[in-house]
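Q: This is the structure I want to talk about, given as structure tokens.
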Amino acid sequence: MKLHDDIHNYYEKLLTDEIERQKIEDDYDNDTLADFCCTALNQLPARYIRYEVDMAFYSSQSERLEMEQRVRDAIEFAKAAVAKRGTIHE
């Protein structure tokens, strides 16, 4: 078993999905986007899974909605943190 291949934090997928939905990658260069992601993920709890279907099966609708809201809140926090550094594309 390779830990990095078999297990991942579900919030990483939720975060990348929301980043794509909001088109946030258009606002930052690659280095800043990586910092942005780290900042956002550090605001979220760890939720480790092996398979995406695990979350669908074991999570209620209200829990999934709460997780999605946490991701949006973490993104807003990261936007503010990055804006303080002044690294957004103008």
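Q: For a quick protection proxy, order the peptides 55-65, 72-82 by their average other-Cβ count within 10 Å, most packed first.
A: Top of the packing list down: 72-82, 55-65.
Q: Taking the Cα centre of the chain as origin, sum charge times position over the Cβ atoms of Lys and Arg (+1) and Asp and Glu (-1), and report the length of that vector in debye to the nearest 20.
A: It works out to roughly 280 debye.
Q: Starting at the first residue of the range 34-48, write each ³J(HN,Hα) from the Karplus equation 6.51 cos²θ - 1.76 cosθ + 1.60 with θ = phi - 60°, in whole Hz, x for Gly and Pro.
A: Going residue by residue, I get 5, 4, 4, 4, 4, 4, 5, 5, 5, 8, 10, x, 7, 9, 7 Hz, with x marking Gly and Pro.
Q: Oh, and also: Cα to Cα, under 13 Å, and not fewer than 8 places away if on the same chain: which aspartates and glutamates meet these conditions relative to residue 13?
A: Result set, ordered by chain and number: 52, 68.
Q: Can you give me the % of accessible surface on the chain that is carbon or sulfur? Probe 1.4 Å, all protein chains present, nothing else counted. Could the numbers behind the result be given before it?
A: Values: 3140 of 6230 Å².
So the carbon and sulfur contribution to the accessible surface is 50 percent.
Q: Please determine, in degrees from 0 to 90 and to the nearest 10, the orientation of helix 10-22 with respect to the longest principal axis defined by the Cα atoms of the chain, where the helix direction is its Cα long axis.
A: That helix lies at roughly 40 degrees to the long axis.
Q: Can you give the Kirkwood hydrodynamic radius for the chain, in Å, rounded to one decimal and based on Cα pairs?
A: 14.0
The values are calculated or read from the model by the stated rules, or taken from the named source; none is laboratory data. Keep in mind that what you see is a predicted model, and the values were worked out from it rather than measured. Note: ideal-geometry Cβ built from the backbone for every residue, glycine included; neighbour counts use all protein chains shown. Ligands, DNA and RNA are excluded from the accessible area calculation, which covers all protein heavy atoms including side chains. Shrake-Rupley method; radii C 1.70, N 1.55, O 1.52, S 1.80 Å.
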